[in-house]
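K.L.:
Following this message is one structure expressed as structure tokens.
The values are calculated or read from the model by the stated rules, or taken from the named source; none is laboratory data. From a predicted model like this one, the values you see are computed outputs, not experimental measurements. So basically every Cβ, Gly included, is an ideal-geometry build from the backbone, and we count neighbours across all protein chains shown.
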Amino acid sequence: MISNNKFFIENPYGRWVRDNLFSSSSSAFLTFFAGFMVIYSYRGIVGFILNPERMWTSVTYNMKLYMILAYPDEAMIRVWLSVGLALILGGLSIGFYNSGKSISLGGIFQKLFTISAVIALLIALAPTNTNVIQNDGSIEAVEIIPQDVRMLILGPSLVLTLAFFFLRNIKIKNLFNTAKVNLTYFGLIIGSLYFIKIPTISLDSSGERIIPDPFLPIASTTYIPWTILYVGMLLFFFIGSLLKNKDVKIMSRLIPIAWFLCPLFIFSWIFKKPLVELNTVFSADIPSILVFGIIGFLIIRFSDNESIGVYRTPINIGFFILSVVVFLLPLVFIFKATMVLLLLLLVVSPAIATTKEGKRQLFIVWVVSLFVLTFLIRGASSDTMLVTPTGSIFGGFSLTWLLAIFGTYASFPLGLALALGRTSTLPVIRIICTGIIEIVRSVPYITWLFFASVMLTVFLPAGVEFNLIIRVLILTAFFSGAYFAEYIRGGLQSIPKGQYEAANAIGMNPFQRIFLVIVPQALRTIIPTLVGSVITSFKDSSLVAIIGLFDILRIGTSVIPAQSQPVVFIGRNLEQLVFLSFFFWVFTFVFSRRSMKFEKRLGLGER
Amino acid sequence: MSIIKTVDVKKWFGDFQALKGISMEVAEGEVLVICGPSGSGKSTFIRCINRLEQHQEGEIVVDGIELTNDLKNIEAIRSEVGMVFQSFNLFPHLTVMQNITLAPIWVRKKSRSESEEKAMELLERVGIPEQAQKFPGQLSGGQQQRVAIARALAMEPKIMLFDEPTSALDPEMIKEVLDAMKELAESGMTMIVVTHEMGFAKEVADRVMLFDEGLMVEENTPNEFFDNPKNDRTKLFLSQIL
Ligand SMILES: Nc1ncnc2c1ncn2[C@@H]1O[C@H](COP(=O)(O)OP(=O)(O)OP(=O)(O)O)[C@@H](O)[C@H]1O
Ligand SMILES: [Mg+2]
């Protein structure tokens, strides 16, 4: 009967409903059943959230705690700078890589219609009452959404829905650039910070909590920085568009490099104390870079020298012994770490530095890695860090984020190196890489975390004291690096032999073959897996709570529910859990949606 | 003056001897066709010439450079010798244009604009200038193989090796690839072609060779090879294939 009705044949919505929801009697049953379940759980959730038992001010009041724990107020500017750097780079990239995709006014209204229709439906379906357990154990229904309030919200949203429904068909030729539309939405969100009021907690002059909790505007220390950052982002969006129109080619190299360096800058801003220490820069860093730069240059320069040929093995052994000695001597840590890097250079240079160009590239890579290594070590040892050795003043969302981003960031090149090393033809490298991968993967992450918190110091040379956060970062890099390595190795193995042969046949050296032909293809095939593991490492970062770091989950489950000063939040667990699940969901959802688009764009080249 | 010279080249895969002593010479500008039954070592032999395989005994001299284990020699020779494979082996993650310009830019260190100009010329030469911005996966087999030819030519090689360039193609696409190869032969390129396209051999080759079980059993002009072969093995082979 439903299939014969005119509405279900002619109207596109009707047809969709018929084809997808009521195509047969069993699917009709499933539709009703699933619909009932969804509505039932939705009403349950709303009832839970609006239950007068809940105390959502325990979330809003502690927002700063959630974001950065007890990071010093006077250093807050660094946090804003970090967010700002990311936003500005984001704006620049959106402007520069703007695909020019556009949406018509009708399309915009179509989306708005969907959103407002869903909102209207949600309001209409929300329950009026919810059950509250009374002191004597009895259950009583309490009104949570009075009829007049429901009407007050439902009315306008229905009007909007109707309006958007008709505006949908508007025939205006004007097209709007999707990037600009999205930036406008973001701007509206920022703008709303000026108007919205959130429930919060106020104390009166005697320190007593004002009851009921008032709704107050958002603090100016929140919306003013955001406004500035947004304006900066817009500005850089337009700069990016301008550069794109002017066809400034160099930007397509500079932007990825900037993104590559961005976490390093953020890292130093967030942690370093003081920001620059000229003293050590001149007494240790510059000399170290100079000395190792020159040694590296000589190694690269003479790596293919004929007359050295016979002496190569003794030289390698000599270097190995030398680096062991350096490691045992009481020297600056930077020297020791760089020595390891030097050994690596010694091993790889005969394979890469076969041509003049190869030598030049290898030398550039060498100098850059020297700088990065020095920079990282400088920012990482405990006595040069802003935070306490146990990291206890830094935490919350920033820590979660730092672990996820930096973990991925550092583990990716590490994983690539391990994967390439494991497939290398040089036995020593292959055995070392295989060993690292297998050992790291065969022990659970939690065990490694304990290792990082108590044991790592034992293994580090004397005099090197790494902050707990840094130790965890190093460990996470290795842990996800080992997993990445295996994914990447899978990708490498999926590349047919013909690709290697074709690269060889056009005269590429091994370095070019790997990085221009093999690795790009290998990475492409494993993007879905990589995205999955980044999401996993984002969520797994909450495990650091076990060794005493305060990630966002620990703040929500043990810090806030134990607060009694200045306001009592004792036992307020449920609110935090709901908030945290929503929070994690938003981030992972956005991330996986983005990466799906990314995959689609890259998938173009696939067979 | 011969541009390729091999002396008693032998090659083993483990215990199995794939080449049992091949001696031959190719003059500059010559087109040599190699045919023979499956497993006779044709591919192995031409892959030894640009050292995709290593021979264990004997001597191979290409353009005056002897092939040894020295990496420098190998890379020098590979940029002098272009190779076209049976399965195209284009780089699927790069556009046709990027496929062709990759080696000139990175190996020959030419500028991008110069390489792209040259690539367009080559694409015109093989008849598919309009496909420059597509990815290999979006092309037909015949078009892909012509891109592969253009990619090899972009290095401006002195010698081109073809390993059964048409045997992975549908019949209607074979001609377009053979035409491109014919044009190349007429322009004076030195070519070694492993193929079962006897029409091509008759028309284009200066010399035809027959391989069997790792040995070169016949070497002849095309006319003699097809009409009046010296070796019984050749007669048998021709009777099977024609
Ligand atoms: N990588 C390898 N490992 C072991 N044996 C090999 C390898 N490559 C080739 N062979 C063997 O060497 C012999 C010659 O192989 P080749 O590929 O040169 O033959 P072909 O004449 O090109 O044959 P086809 O016409 O089928 O391509 C075959 O018996 C093959 O099994
Ligand atoms: Mg073959």
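K.L.:
Going by the conditions given, is B:Ser87 hydroxyl-bearing (Ser, Thr, Tyr) and surrounded by fewer than 17 Cβ atoms within 10 Å (Cβ to Cβ)?
P.N.:
No; evaluated as a whole, the condition is false for this residue.
K.L.:
Right, next: State whether the residues of segment A:158-170 include one that is over 30 Å from A:Leu234 (Cα atoms) and in contact with a strand residue (DSSP E or B) (Cβ under 6 Å, 6 or more places away or on another chain).
P.N.:
Within segment A:158-170, not a single residue is over 30 Å from A:Leu234 (Cα atoms) and in contact with a strand residue (DSSP E or B) (Cβ under 6 Å, 6 or more places away or on another chain).
K.L.:
Filter segment B:56-94 for residues that are more than 16 Å from ligand 1 (Cβ to nearest atom), more than 8 Å from chain A (Cβ to nearest Cβ) and in a loop (DSSP other than H, G, I, E, B); which is nearest to B:Ala150 (Cα to Cα)?
P.N.:
B:Asp63
K.L.:
Take the residues of segment B:168-198 that are aliphatic (A, V, I, L, M) and within 16 Å of ligand 2 (Cβ to nearest atom): which is nearest to B:Gly142 (Cα to Cα)?
P.N.:
Among those that are aliphatic (A, V, I, L, M) and within 16 Å of ligand 2 (Cβ to nearest atom), it is B:Leu169.
K.L.:
Hey, does segment B:26-45 have a residue that's within 14 Å of ligand 2 (Cβ to nearest atom), within 14 Å of chain A (Cβ to nearest Cβ) and either of a type outside the set (A, V, I, L, M, F, W, C) or farther than 27 Å from B:Ser239 by Cα (or both)?
P.N.:
Yes: segment B:26-45 contains one or more residues that are within 14 Å of ligand 2 (Cβ to nearest atom), within 14 Å of chain A (Cβ to nearest Cβ) and either of a type outside the set (A, V, I, L, M, F, W, C) or farther than 27 Å from B:Ser239 by Cα (or both).
K.L.:
Would it be correct to say that B:Ala150 is farther than 25 Å from A:Asp304 by Cα, buried (at least 20 other Cβ atoms within 10 Å of the Cβ) and more than 16 Å from ligand 2 (Cβ to nearest atom)? First the steps, then the outcome.
P.N.:
Working: farther than 25 Å from A:Asp304 by Cα: yes; buried (at least 20 other Cβ atoms within 10 Å of the Cβ): yes; more than 16 Å from ligand 2 (Cβ to nearest atom): yes.
So B:Ala150 fits the description; yes.
K.L.:
Restricting to segment B:202-232, name every residue that is away from ligand 2 (no atom under 16 Å from the Cβ), within 15 Å of the chain's Cα centre (by Cα) and surrounded by 22 or more Cβ atoms within 10 Å (Cβ to Cβ).
P.N.:
Within segment B:202-232, B:Ala205, B:Val208 qualify.
K.L.:
In addition: Which is modelled with pLDDT under 95, assigned to a loop (DSSP other than H, G, I, E, B) and either within 11 Å of ligand 1 (Cβ to nearest atom) or crowded, with 22+ Cβ neighbours inside 10 Å (or both), of B:Pro37, B:Pro104? It would help to see each step written out before you state the result.
P.N.:
Details: B:Pro104 fails: assigned to a loop (DSSP other than H, G, I, E, B).
Step by step, each of B:Pro37, B:Pro104 is checked, and only B:Pro37 is modelled with pLDDT under 95, assigned to a loop (DSSP other than H, G, I, E, B) and either within 11 Å of ligand 1 (Cβ to nearest atom) or crowded, with 22+ Cβ neighbours inside 10 Å (or both).
K.L.:
What number of residues in segment B:69-101 are without any contact (Cβ under 8 Å) to a residue 60 or more places away in the chain, under 24 Å from B:Lys5 (Cα atoms) and under 21 Å from the mean Cα position of the chain (by Cα)? I'd like the intermediate steps shown before the answer.
P.N.:
Step one: list which residues in segment B:69-101 are without any contact (Cβ under 8 Å) to a residue 60 or more places away in the chain, which gives B:69-78, B:89, B:91-101.
Now narrow it down to the ones that are under 24 Å from B:Lys5 (Cα atoms): B:69-78.
Next, only the ones that are under 21 Å from the mean Cα position of the chain (by Cα) stay: B:73-78.
Going through segment B:69-101 one residue at a time, the tally reaches 6.
K.L.:
Among A:Leu530, A:Leu523, which is over 30 Å from A:Asn62 (Cα atoms) and at the interface with another protein chain (Cβ under 10 Å from one of its Cβ atoms)? Let's see the steps before the verdict.
P.N.:
Working: A:Leu530 fails: at the interface with another protein chain (Cβ under 10 Å from one of its Cβ atoms).
The match here is A:Leu523.
K.L.:
Also, I was wondering about something else. Using beta carbons and a limit of 9 Å, which pairs, at least six apart or on different chains, have the first residue in segment B:26-49 and more than 15 Å from B:Val217 (Cα to Cα) and the second one near ligand 2 (Cβ under 9 Å from one of its atoms)?
P.N.:
Taking only residues 6 or more apart or on different chains, the pairs are B:Ser43/B:Gln86; B:Ser43/B:Asp163; B:Ser43/B:Glu164; B:Ser43/B:Val194; B:Ile46/B:Asp163; B:Ile46/B:Val194; B:Arg47/B:Asp163.
K.L.:
Please determine whether any residue of segment B:10-18 is more than 15 Å from ligand 1 (Cβ to nearest atom) and assigned to a strand (DSSP E or B). I'd like the intermediate steps shown before the answer.
P.N.:
Step one: filter segment B:10-18 for residues more than 15 Å from ligand 1 (Cβ to nearest atom), giving none.
Within segment B:10-18, not a single residue is more than 15 Å from ligand 1 (Cβ to nearest atom) and assigned to a strand (DSSP E or B).
K.L.:
Could you list, ordered by first residue, the pairs with Cβ atoms under 6 Å in which the first is in segment A:346-374 and within 14 Å of another protein chain (Cβ to nearest Cβ) and the second is surrounded by 20 or more Cβ atoms within 10 Å (Cβ to Cβ) and of a type in the set (Gly, Ala, Ser), at least 6 apart or interchain?
P.N.:
Hits for this filter: A:Ser349/A:Ser303; A:Pro350/A:Ser303; A:Ile352/A:Gly358; A:Ala353/A:Ser303; A:Lys359/A:Ala353.
K.L.:
Same structure again: Residues B:Glu213, B:Glu197, B:Glu218, B:Glu183: which one is touching a residue at least 12 places away in the same chain (Cβ under 8 Å) and on the phi > 0 side of the Ramachandran plot?
P.N.:
Matching residue, one of B:Glu213, B:Glu197, B:Glu218, B:Glu183: B:Glu213.
K.L.:
Restricting to segment A:165-183, and then to whatever is part of a helix (DSSP H, G or I) and exposed (fewer than 14 other Cβ atoms within 10 Å of the Cβ), can you tell me which residue is nearest to the chain's Cα centre (by Cα)?
P.N.:
The selected residue is A:Asn182.
K.L.:
If you don't mind, there's one more thing I want to ask. If we keep just the residues of segment B:102-156 that are within 11 Å of chain A (Cβ to nearest Cβ) and among the β-branched types (Val, Ile, Thr), which is nearest to the chain's Cα centre (by Cα)?
P.N.:
Looking at residues that are within 11 Å of chain A (Cβ to nearest Cβ) and among the β-branched types (Val, Ile, Thr), I get B:Val107.
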